[in-house]
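Visitor: The structure is given below, and queries will be raised subsequently.
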Amino acid sequence: GRTAAVIPAAGRGVRLGPGAPKALRTLGGTPMLIHAVRAMAASRAVSLVVVVAPPDGASEVKNLLDAHSLPERTDYLVVPGGDTRQESVRLGLRALPEAIGTVLVHDAARPLVPVDTVDAVIAAVLDGAPAVVPGLPLADTVKEVEPGEKGEPEPVVATPERARLRAVQTPQGFDREMLVRAHETVAVGGEGATDDAGMVERLGAPVVVVPGHEEAFKVTRPLDLVLAEAVLARRRA
Ligand code: CTP
Ligand code: MG
């Protein structure tokens, strides 16, 4: 089958602060979403990109795609998203044509992922892994706590061995049927998995981690915009 990328871009970007929806904010003068679309379409294996737009912003996103140069060998679709990332991804998956056998799910908020990372994820899926996530070792030690009131000391419950932890990124790659089954099985609004691979794990299917990339970081808070602009400037230099 062919490979498609679903890009959830329907979030508001609350942690980034007031302004346009996060995916429409610009980096180096170009909307983050366009960077993310180009990052997926840069892979020659990707024949379709499905953008999941803010629920009331699908026509604006279509106009944006029309207004920017994108590889012609790739098709582009825009669908309206939902209230949660999980719902947005589900809506994107429902728009996939029959011929798609492999699906990438990529956050619009990770605009700078290099094509080599995209290709490595696709290659691992085509090699037979039903679910593949890019991940990096952690710099910080991680504590599990008993969450308390904001600002109050929180008791530490455990310290997982750092060397065994990976911070996971996107694009995450899947056998299409496996991901669709995960999204249609896990109860809507049920206890939220924070990534797509987590939903596949809940089905009991194997998930593997391949090396991620520093530049695939997620733009979440204002400081991340500073870093993203610096990475872009370095690329253009
Ligand atoms: N997303 C989505 N639909 C939602 C919520 C999130 O498509 N209802 C997308 C975002 O647009 C983003 C990706 O999921 O590309 C990762 O989510 P996150 O970084 O949390 O973005 P936001 O939800 O927009 O940010 P915040 O949580 O700070 O509001
Ligand atoms: Mg969010």
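Visitor: For region 43-48, what does the Karplus curve 6.51 cos²θ - 1.76 cosθ + 1.60, with θ = phi - 60°, yield as ³J(HN,Hα) per residue in whole Hz, taken in order and with x for Gly and Pro?
Guide: The phi angles translate into 7, 5, 6, 7, 9, 8 Hz.
Visitor: Next up: Across region 158-170, in residue order, what do the Karplus-derived ³J(HN,Hα) couplings come to in whole Hz, using 6.51 cos²θ - 1.76 cosθ + 1.60 with θ = phi - 60° and x for Gly and Pro?
Guide: 6, 10, x, 5, 4, 4, 9, 9, 9, 8, 9, 10, 10
Visitor: Using amide H atoms built in the peptide plane, which far-off residues or other-chain residues are under 5 Å from residue 2 H to H?
Guide: When sequence neighbours closer than 5 places are left aside, the close amide H contacts are 100, 101, 102.
Visitor: Now, a different point. Per DSSP helix of 4 or more residues, -39500 (n - 2.57); summed, then divided by the residues of the chain. What does that give at 222 nm, rounded to the nearest 500?
Guide: That comes out to -9500 deg cm²/dmol.
Visitor: Let me ask something additional. For the ranges 47-53, 202-208, what's the packing order if you count other beta-carbon atoms within 10 Å of each residue, average per peptide, and put the highest first?
Guide: 47-53, 202-208
Visitor: Using the count of nearby Cβ atoms within 10 Å as a rough guide to exposure, how do 59, 43 rank from fewest to most?
Guide: 59, 43
Visitor: Only Lys, Arg, Asp and Glu count, each charged at its Cβ (+1, +1, -1, -1), so figure out the dipole size of the chain about its Cα centre, rounded to 20 debye.
Guide: With Lys and Arg at +1 and Asp and Glu at -1, about 600 debye.
Visitor: Above 19 Å lies some portion of the pair distances; for region 1-128, what is it as a whole percent of all C-alpha pairs? Intermediate values should be presented prior to the final figure.
Guide: On the way: 3559 of 8128 pairs.
Percentage above 19 Å: 44.
Visitor: As a footprinting exposure proxy, order 64, 104 by other Cβ within 10 Å, with the fewest listed first.
Guide: Starting with the residue having the fewest Cβ neighbours, the order is 64, 104.
Visitor: Same structure, new question: Using only alpha carbon pairs under 8 Å that are at least six residues apart, calculate the relative contact order of region 156-237 and give it in whole percent.
Guide: Computed over region 156-237, the figure is 26 percent.
Visitor: Select from 17, 45, 35 the residue farthest towards the positive end of the dipole of region 2-61; place +1 on Cβ of Lys and Arg, -1 on Cβ of Asp and Glu, and compute about the Cα centre.
Guide: The one lying farthest along the dipole's positive direction is 45.
Visitor: Using Cβ contacts closer than 10 Å as the measure, can you line up 106, 35, 213 from fewest to most?
Guide: Fewest-to-most ranking of 106, 35, 213: 213, 35, 106.
Visitor: Compute the signed sum of charges (Lys and Arg +1, Asp and Glu -1) over the other residues within less than 9 Å, Cβ to Cβ, of residue 172.
Guide: -2
Visitor: Output needed: percent of Cα pairs per 5 Å distance bin for the chain, bins running from 0 to the one holding the longest distance.
Guide: Spelled out per bin, shortest first, that is 1, 6, 14, 17, 20, 18, 12, 7, 3, 1, 0.
Visitor: Residue by residue through region 73-90, what is 3J(HN,Hα) from phi via Karplus (6.51 cos²θ - 1.76 cosθ + 1.60, θ = phi - 60°)? Round to whole Hz and write x for glycine and proline.
Guide: 6, 10, 9, 10, 10, 10, 10, x, x, x, 6, 10, 4, 4, 5, 4, 5, 4
Visitor: What residues qualify as long-range amide H neighbours of residue 78, i.e. H under 5 Å apart, gap of 5 or more or another chain, H built at 1.01 Å from N?
Guide: Amide H to amide H, under 5 Å and 5 or more residues apart or across chains, residue 78 pairs with 51.
None of the figures in this text is laboratory data; all of them are computed from the coordinates on show. Keep in mind that this is a model prediction, so the values were computed, not measured. Neighbour counts run over all protein chains shown; Cβ positions are idealised from the backbone, glycine included.
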